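See structure below.
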Amino acid sequence: MEMSIKEILEKALKVELRAVSGTRKYFEAKIEVIMNSEIDFVLAQDKINELPFEKNDSVFVRINTKKEVYTFIEKCSYINVGKRITVGLKFPTKINKEQQREFVRTNMERDIIVLLIDKEENREIESLIKNFFIDLHKVKTVDISGGGLAFYSDIFMVPGLSIMIDMEFASPKLRHYRQKAEVIRCKEVNEKYGKYMIAVTFTAMPFAVQEKINHFVFRQMRENRSQKKKFDNI
């Protein structure tokens, strides 16, 4: 049985907060009070030179429990500065669990098309993510599997954001097919291939499509092994 949002908050072992816009720096915090409408967080004040948030700012929260990592975004309802800094956030209506790796993964070098979904205007914004490059030896965490995808981007994507991915790269039979996915991580890396490394999980993927992705992953693994053998024999 899945835990409720309140149960997840109560089991938090580590909590980090950061502003959605502006600085990407995380601030350590602990949960002080959990109410039906709000949550109070106390920041580690000795590590803060200036207030990281203002009232009504959107705040990204990462929660580590013993077994899982959860994230959510909510508005800052108030800030109280005294002997300690207390930040109040609205109680989340949705909380995201970071993907557990249950699928075989592999690295690849490929340009892909990502469409950002503008929920407010209900439209798709097309964006080409160029130089989708993963070095097999240096960036092993950027990859593809039957359950998700990771890529570099110059655009920051908020965890929880819905996107559409053009899947033609995986199979000619998937031409014109776009798979819905959800951003689960966005890490600033400042690599030459993009400022951010983004991980997404596929959502509501049909079994037939997942089978094609799995076949693509195994083909890519064989190609990577072949390239590595050629490199080792030089």
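When segment 182-207 is examined, which residues are found to be surrounded by fewer than 16 Cβ atoms within 10 Å (Cβ to Cβ), at positive phi and not in a loop (DSSP other than H, G, I, E, B)?
Listed by number, the list holds a single entry, N190.
What about I31, is it modelled with pLDDT of 90 or more, farther than 25 Å from G148 by Cα, of a type in the set (V, I, T) and more than 23 Å from the chain's Cα centre (by Cα)?
No; evaluated as a whole, the condition is false for this residue.
So in segment 174-213, with the set limited to residues that are at pLDDT below 80 and in contact with a Ser or Thr (Cβ under 8 Å, 6 or more places away or on another chain), which one is nearest to I95 (Cα to Cα)?
Here the residue is K195.
Determine whether segment 58-65 contains at least one residue that is under 18 Å from S162 (Cβ atoms), touching a strand residue (DSSP E or B) at 6+ places or on another chain (Cβ under 7 Å) and part of a strand (DSSP E or B).
Checking segment 58-65: at least one residue is under 18 Å from S162 (Cβ atoms), touching a strand residue (DSSP E or B) at 6+ places or on another chain (Cβ under 7 Å) and part of a strand (DSSP E or B).
Could we say that T71 is among the β-branched types (V, I, T), at pLDDT below 90 and not in a strand (DSSP E or B) here?
Criteria not met by T71.
Say we look at segment 44-67 and pick out the residues that are at pLDDT 85 or above and within 21 Å of E7 (Cα to Cα); which of these is surrounded by the fewest Cβ atoms within 10 Å (Cβ to Cβ)?
The selected residue is N64.
Restricting segment 165-181 to residues that are buried (at least 18 other Cβ atoms within 10 Å of the Cβ) and under 30 Å from R18 (Cβ atoms), which is nearest to the chain's Cα centre (by Cα)?
In this case the residue turns out to be A181.
Could you tell me how many of the residues in segment 148-180 are closer than 13 Å to I113 by Cα and in a loop (DSSP other than H, G, I, E, B)?
7
The values are calculated or read from the model by the stated rules, or taken from the named source; none is laboratory data. As the structure is a prediction and not an experimental result, all values here were calculated from the model. Note that each Cβ is placed from the backbone with ideal geometry, even for glycine, and that neighbours are counted across all protein chains shown.
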